[in-house]
Amino acid sequence: MISRLLLTGAAGNLGRHLRSSLRPYVQHIRLSDISAMAPAEAGEELEVCDLANKQAVDRLAQGCQAIVHLGGLANEHSFEAIVEANIKGVLHVYEGARRHGVERVVFASSNHVVGFHRQDEFLATDCSRRPDTYYGLSKSFGEDVAQFYWDRYGIQSASLRIGSAFPEPKDRRMLHTWMSYRDLTELIRCCLFAPQLAHTIVYGMSDNRDPWWTNARAAHLGFIPQDSSEPFRAEREQQSPLPPDDPARIYQGGAFVKLGPFN
Ligand code: NAI
Ligand code: 15L
């Protein structure tokens, strides 16, 4: 059991699910978000906090054994907004971890760190990064922060390059990138309890038929996905395919590669 886990982004789609699905593995869970959360139940602590506020994030980390960092903007925004929530946010989380002796951090990175790789490429976790947005750049920065705090301070981390974590895959692209909530919970459990993480990068995906990524270099996590996008294939393939020259069909990041500019 983790004695006290900090879960940021607890009011979000994934956070609301993980709040209950991670509960069996933790004695106390500290839930934080900038938005309101459902009232606390036994063993839960609620802290409303802006990740851009360094002092407030520092208080969040106090007394925690581990952190699952989901909080921040989860898709593309202006650089100014991304800087506050995601860039300052992830640095503040790691600074809090350092100052309060938190042992490990699970960081919700994203497939958009590699979004400008083509869909016909098969990527390992050590491929070059090709972020597709300011959002992807912020996740790339977060992965570098995780590496730095391991190298400099010995804080262990897993950076989860989550594909598409939704109740169901929504479109043809997500047949490749989908991750069920059950598999996400299991991946985070593996990251919290694996004997040694150092800084491990892992793709967050279910056991899909035609993946774009391999987790061969993260086998030490012991993560075995149970779900697959396959049961949704027939229905999703009734959607018209995008034109072959559409960048959203060419690149792994899908529609994200066409977002912006913001001026
Ligand atoms: P979400 O948008 O539902 O949840 C993010 C939460 O962060 C929200 O509740 C929001 O209020 C909070 N937040 C935003 N700015 C904040 C700030 N300045 N201070 C404190 N809290 C703030 O997104 P979702 O889908 O739950 O994603 C969770 C994490 O997983 C995000 O970091 C996202 O980038 C990452 N991720 C999610 C994927 C998915 O398919 N759902 C795929 C790849 C990565
Ligand atoms: C992400 O990083 C986003 O947070 C999520 O909303 C999805 O768009 C996902 O990637 C995806 O690529 O499908």
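The values are calculated or read from the model by the stated rules, or taken from the named source; none is laboratory data. Being a predicted model, the structure only gives us computed values, none of them experimental. Quick reminder, even Gly has a Cβ in these numbers, built from the backbone with ideal geometry, and neighbours come from all protein chains shown.
In the range 243-253, the count of residues that are surrounded by 17 or more Cβ atoms within 10 Å (Cβ to Cβ) and touching a helix residue (DSSP H, G or I) at 6+ places or on another chain (Cβ under 6 Å) is one or more. Residue check: is TYR181 more than 13 Å from ligand 2 (Cβ to nearest atom) and touching a residue at least 60 places away in the same chain (Cβ under 8 Å)? Yes: the conditions hold for TYR181. Of the residues making up the range 233-258, those that are of a type in the set (A, V, I, L, M, F, W, C) and over 20 Å from ARG130 (Cβ atoms) number 1. When the residues of the range 231-241 are narrowed to those that are of a type outside the set (S, T, N, Q) and touching a residue at least 24 places away in the same chain (Cβ under 8 Å), which ends up farthest from PRO167 (Cα to Cα)? The qualifying residue farthest from PRO167 (Cα to Cα) is PRO241. Would you confirm whether or not the range 188-202 contains a residue that is modelled with pLDDT of 95 or more and within 13 Å of ligand 2 (Cβ to nearest atom)? Within the range 188-202, none of the residues are modelled with pLDDT of 95 or more and within 13 Å of ligand 2 (Cβ to nearest atom).
Kindly indicate whether any position in the range 53-63 is assigned to a loop (DSSP other than H, G, I, E, B), touching a residue at least 24 places away in the same chain (Cβ under 8 Å) and within 19 Å of VAL145 (Cα to Cα). The answer is yes; a qualifying residue exists. Residue count for the range 96-142 satisfying the condition of being closer than 22 Å to TYR251 by Cα, among the acidic types (Asp, Glu) and surrounded by fewer than 23 Cβ atoms within 10 Å (Cβ to Cβ): 3.
Tell me which residues, restricted to the range 68-117, are farther than 20 Å from LEU184 by Cα, without any contact (Cβ under 8 Å) to a residue 60 or more places away in the chain and polar (S, T, N, Q). Residue satisfying the conditions is ASN86 alone.
Within the range 224-263, take every residue that is assigned to a loop (DSSP other than H, G, I, E, B), within 16 Å of ligand 1 (Cβ to nearest atom) and not hydroxyl-bearing (Ser, Thr, Tyr) and give me the one that is nearest to GLU186 (Cα to Cα). Applying the filter and picking the extreme gives PRO225.
For residues in the range 141-200 being in a helix (DSSP H, G or I) and within 10 Å of ligand 1 (Cβ to nearest atom), which is farthest from ILE2 (Cα to Cα)?
Applying the filter and picking the extreme gives MET174.
Please tell me if ALA219 is in contact with a Ser or Thr (Cβ under 9 Å, 6 or more places away or on another chain), of a type outside the set (Lys, Arg) and more than 16 Å from ligand 2 (Cβ to nearest atom). In short, no. Of the residues making up the range 6-36, those that are buried (at least 21 other Cβ atoms within 10 Å of the Cβ) and part of a helix (DSSP H, G or I) are LEU14, GLY15, LEU18.
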